[in-house]
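Participant: Once you've had a glance at the structure underneath, I'll fire off some questions.
The values are calculated or read from the model by the stated rules, or taken from the named source; none is laboratory data. All values reported here derive from a predicted model rather than from experimental measurement. When we count neighbours, we look across all protein chains shown, and the Cβ atoms used for this are built from the backbone with ideal geometry, even at glycine.
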Amino acid sequence: MRLRSILLPALLMLLAAPAFGAIHLDRLVLPKGFHVAVYSDQVPNARELALGAQGTVFVGSMDAGKVYALTDTKHDGHADKVRVLASGLELPVGVAFHRGDLYISAVSRIYVLRDIEHHLDDPPRPELVTDKLPSAVHHGWRFIAFGPDGKLYVPIGAPCNVCDKGKAYAKLTRMNTDGSGMQDVAWGIRNTVGFDWRPGSHQLWFTDNGRDLLGDDVPSDELNRVSRLGEHFGFPYCHEGDVLDPEFGKGHSCKDYTPPVLKLGAHVASLGMRFYTGRMFPSSYQGAILIAEHGSWNRTKKSGYRVMTVRLDGDKVASYQPLITGFEQDEQAWGRPVDVQPLPDGSVLVSDDLAGAVYRVTYESRDSGLETRDPVEHRGNP
């Protein structure tokens, strides 16, 4: 119990570190033809991203307690207006736009800002949707998103590193827009901070963070796919599909749970993910999954601190390659990717809660339309 009381505050400070230090775009490495620029450097603690119908970029935060709206009024690829829509909220990490309204997660509560894009300069008071979610702060910050069914999907992470709380925690739920009709979608999910629906099939895919304190290389974070309602992905009994938990795994078999589609690596802290459907990037990125890896906090040698691309062949993984690296050098991190958000023009935004920034990734081929197949590294824009 004492160890938990020491670790939890330390973990929260690391995950919710306020913005400080310089942005070093010149250290970032991307495949040939890709470029990265600062979309805004005025977003302390930037976490989940959401896109409004009129192009507004909404950004949640961690301990900053604020929700931001970014607008590019000059249409030059940079947000020249940054507004604070709400403040004083408890870990308002998650933002989700739906039919003109902005939904916000705040641990035990979900709020909504009505008709928000018509009130950016005079935002309404947050309206309570529900206060029925667990109040535990450990893994209580919530990535949220609306599914193709029009329901709001809300994760309930395990309130611990590893524990068995039955079906009250470690799951993904969904609810109606008014907070009613809450339903469990899947269980055995330690803490998902990113999910999206595959275009065409509408299958739900999600990242999940593996438990700590089993060593540097076990267990791996996971990329998972939900095939049926009520599916169980193993936590806390089985990790990464084939590792029984030394305490909670007794009497269980990993064969009884759904294994990950892809092991992402131990402690990389895989967070936001989106399917890419834009037309700016090369065709090999069509339908690929982009994943922000926040980076390890307690591994002997740091891992993560990058944005990755997962290409699929049907329901199987064809490749897993970096899109952006360089947020960390020589065990020193200056940035930590949190979320990715494709824009209508095909570019992609990346939030960074350590630098307090949002970046914009673009692609421009100089080779008469010939596309780069194998990444050739180059440095980001200074």
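Participant: Quick test of your reading of the structure: Asn224 fulfils all but one of (1) in contact (Cβ under 8 Å) with a residue 40 or more places away in the chain; (2) crowded, with 24+ Cβ neighbours inside 10 Å. Name the failing condition by number.
Facilitator: Just one mismatch for Asn224, condition (1).
Participant: Related question: Given the criterion closer than 18 Å to Met175 by Cα, more than 20 Å from the chain's Cα centre (by Cα) and not in a loop (DSSP other than H, G, I, E, B), identify the matching residue among Val129, Val84. If you could, list the steps in order and put the result at the bottom.
Facilitator: Working: Val84 fails: closer than 18 Å to Met175 by Cα.
Result of the check over Val129, Val84: Val129.
Participant: Continuing with the same structure: Out of Phe97, Phe143, which single residue is among the aromatic types (Phe, Trp, Tyr), under 18 Å from the mean Cα position of the chain (by Cα) and not in a strand (DSSP E or B)? Let's see the steps before the verdict.
Facilitator: Working: Phe97 fails: not in a strand (DSSP E or B).
None of the others qualify; the one that does is Phe143.
Participant: Could you please give the count of residues in the range 291-341 that are touching a residue at least 12 places away in the same chain (Cβ under 8 Å), more than 20 Å from Ala50 (Cα to Cα) and of a type in the set (A, V, I, L, M)?
Facilitator: 6
Participant: Follow-up. Residues Gly166, Gly157, Gly100: which one is out of contact with any Phe, Trp or Tyr (no Cβ under 6 Å at 6 or more places or on another chain), on the phi > 0 side of the Ramachandran plot and either buried (at least 22 other Cβ atoms within 10 Å of the Cβ) or in contact (Cβ under 8 Å) with a residue 12 or more places away in the chain (or both)?
Facilitator: Numbers: Gly166 fails: either buried (at least 22 other Cβ atoms within 10 Å of the Cβ) or in contact (Cβ under 8 Å) with a residue 12 or more places away in the chain (or both); Gly157 fails: on the phi > 0 side of the Ramachandran plot.
None of the other options fit; the residue is Gly100.
Participant: Does at least one position in the range 320-328 carry a residue that is modelled with pLDDT of 95 or more, farther than 30 Å from Val67 by Cα and not in a loop (DSSP other than H, G, I, E, B)? Lay out the reasoning, then the answer.
Facilitator: So the first thing to find is which residues in the range 320-328 are modelled with pLDDT of 95 or more, and the list is 320-328.
Narrowing further to those that are farther than 30 Å from Val67 by Cα: 320-321.
Those left that are additionally not in a loop (DSSP other than H, G, I, E, B): 320-321.
Yes, there is a match, as at least one residue in the range 320-328 is modelled with pLDDT of 95 or more, farther than 30 Å from Val67 by Cα and not in a loop (DSSP other than H, G, I, E, B).
Participant: A follow-up question, please. Sort out which residues of the range 271-310 are farther than 18 Å from Leu213 by Cβ, hydroxyl-bearing (Ser, Thr, Tyr) and in contact with an Asp or Glu (Cβ under 8 Å, 6 or more places away or on another chain), and write them in order of number.
Facilitator: If the condition is that a residue be farther than 18 Å from Leu213 by Cβ, hydroxyl-bearing (Ser, Thr, Tyr) and in contact with an Asp or Glu (Cβ under 8 Å, 6 or more places away or on another chain), then Ser283, Ser284, Tyr305 are the ones that fit.
Participant: In the range 169-180, how many residues are among the hydroxyl-bearing types (Ser, Thr, Tyr), in a loop (DSSP other than H, G, I, E, B) and buried (at least 16 other Cβ atoms within 10 Å of the Cβ)? Before the answer, list the steps.
Facilitator: Step one: list which residues in the range 169-180 are among the hydroxyl-bearing types (Ser, Thr, Tyr), which gives 169, 173, 177, 180.
Narrowing the set further to residues that are in a loop (DSSP other than H, G, I, E, B) leaves 169, 177, 180.
This time we only want the ones that are buried (at least 16 other Cβ atoms within 10 Å of the Cβ), so: 169, 177.
Number of matching residues: 2.
Participant: Within the range 235-256, is there a residue that is under 16 Å from the mean Cα position of the chain (by Cα) and small (Gly, Ala, Ser)?
Facilitator: Residues of the range 235-256 under 16 Å from the mean Cα position of the chain (by Cα): none.
Within the range 235-256, not a single residue is under 16 Å from the mean Cα position of the chain (by Cα) and small (Gly, Ala, Ser).
Participant: Determine whether Leu229 is surrounded by fewer than 19 Cβ atoms within 10 Å (Cβ to Cβ), without any contact (Cβ under 8 Å) to a residue 60 or more places away in the chain, aliphatic (A, V, I, L, M) and under 22 Å from Ile156 (Cβ atoms).
Facilitator: Criteria met by Leu229.
Participant: Determine whether Asp339 is surrounded by 15 or more Cβ atoms within 10 Å (Cβ to Cβ), over 17 Å from Pro260 (Cβ atoms) and of a type in the set (Asp, Glu). Spell out the reasoning first.
Facilitator: Values: surrounded by 15 or more Cβ atoms within 10 Å (Cβ to Cβ): yes; over 17 Å from Pro260 (Cβ atoms): yes; of a type in the set (Asp, Glu): yes.
Yes: the conditions hold for Asp339.
Participant: Considering only the range 234-289, state which residues are among the charged types (D, E, K, R) and in a loop (DSSP other than H, G, I, E, B). So that I can check it myself, show each step before the final result.
Facilitator: So the first thing to find is which residues in the range 234-289 are among the charged types (D, E, K, R), and the list is 240, 242, 245, 247, 250, 255-256, 263, 274, 279.
Of everything in the range 234-289, those that are among the charged types (D, E, K, R) and in a loop (DSSP other than H, G, I, E, B) turn out to be Glu240, Asp242, Asp245, Glu247, Lys250, Arg279.
Participant: Can you pull out every residue in the range 72-87 that is within 15 Å of Asp345 (Cβ to Cβ) and touching a strand residue (DSSP E or B) at 6+ places or on another chain (Cβ under 7 Å)? If you could, list the steps in order and put the result at the bottom.
Facilitator: Pass one, the range 72-87, residues within 15 Å of Asp345 (Cβ to Cβ): 72, 74-79.
Gly77, His78, Ala79, listed by residue number.
Participant: Quick check on the range 181-191. Is at least one of its residues within 30 Å of Thr309 (Cβ to Cβ), surrounded by fewer than 18 Cβ atoms within 10 Å (Cβ to Cβ) and either among the β-branched types (Val, Ile, Thr) or at pLDDT below 95 (or both)?
Facilitator: Keep residues of the range 181-191 that are within 30 Å of Thr309 (Cβ to Cβ), which gives 185-191.
Narrowing further to those that are surrounded by fewer than 18 Cβ atoms within 10 Å (Cβ to Cβ): none.
Checked the range 181-191: no residue is within 30 Å of Thr309 (Cβ to Cβ), surrounded by fewer than 18 Cβ atoms within 10 Å (Cβ to Cβ) and either among the β-branched types (Val, Ile, Thr) or at pLDDT below 95 (or both).
Participant: Here's a follow-up. Got a sec? Which strands (runs of 3 or more DSSP E) wholly within the range 29-72 have at least 2 residues that are among the aliphatic types (A, V, I, L, M) and buried (at least 22 other Cβ atoms within 10 Å of the Cβ)?
Facilitator: Values: elements: 34-40, 46-51, 57-61, 67-71.
In the range 29-72, 46-51, 57-61, 67-71 are the strands (runs of 3 or more DSSP E) which contain 2 or more residues that are among the aliphatic types (A, V, I, L, M) and buried (at least 22 other Cβ atoms within 10 Å of the Cβ).
Participant: Right, here's the next one. Can you find, within the range 345-368, the residue that is nearest to Gln42 (Cα to Cα) among those that are polar (S, T, N, Q) and surrounded by fewer than 16 Cβ atoms within 10 Å (Cβ to Cβ)?
Facilitator: Applying the first criterion (polar (S, T, N, Q)) to the range 345-368 yields 347, 351, 362, 365, 368.
Then keep just the ones that are surrounded by fewer than 16 Cβ atoms within 10 Å (Cβ to Cβ); that gives 365, 368.
On the way: Ser365: 30, Ser368: 37 Å.
The selected residue is Ser365.
Participant: Of Ser270, Ser296, Ser303, Ser319, which residue is among the hydroxyl-bearing types (Ser, Thr, Tyr) and surrounded by fewer than 19 Cβ atoms within 10 Å (Cβ to Cβ)?
Facilitator: Details: Ser270 fails: surrounded by fewer than 19 Cβ atoms within 10 Å (Cβ to Cβ); Ser296 fails: surrounded by fewer than 19 Cβ atoms within 10 Å (Cβ to Cβ); Ser303 fails: surrounded by fewer than 19 Cβ atoms within 10 Å (Cβ to Cβ).
Answer to the check: Ser319.
Participant: Further question on the same structure: In the range 326-344, what residues are under 18 Å from the mean Cα position of the chain (by Cα) and under 20 Å from Asp41 (Cβ atoms)? So that I can check it myself, show each step before the final result.
Facilitator: Start the filter on the range 326-344 by keeping residues that are under 18 Å from the mean Cα position of the chain (by Cα), which leaves 327, 335-343.
Across the range 326-344, the qualifying residues are Phe327, Gly335, Arg336, Pro337, Val338, Asp339, Val340, Gln341, Leu343.
Participant: While we're here: Looking at the range 73-85, which of its residues are surrounded by fewer than 24 Cβ atoms within 10 Å (Cβ to Cβ) and within 16 Å of Asp121 (Cβ to Cβ)? Lay out the reasoning, then the answer.
Facilitator: The first filter runs over the range 73-85 and keeps only residues surrounded by fewer than 24 Cβ atoms within 10 Å (Cβ to Cβ), leaving 73-78, 80-85.
Residues satisfying the conditions are Thr73, Asp80, Lys81, Val82, Arg83, Val84, Leu85.
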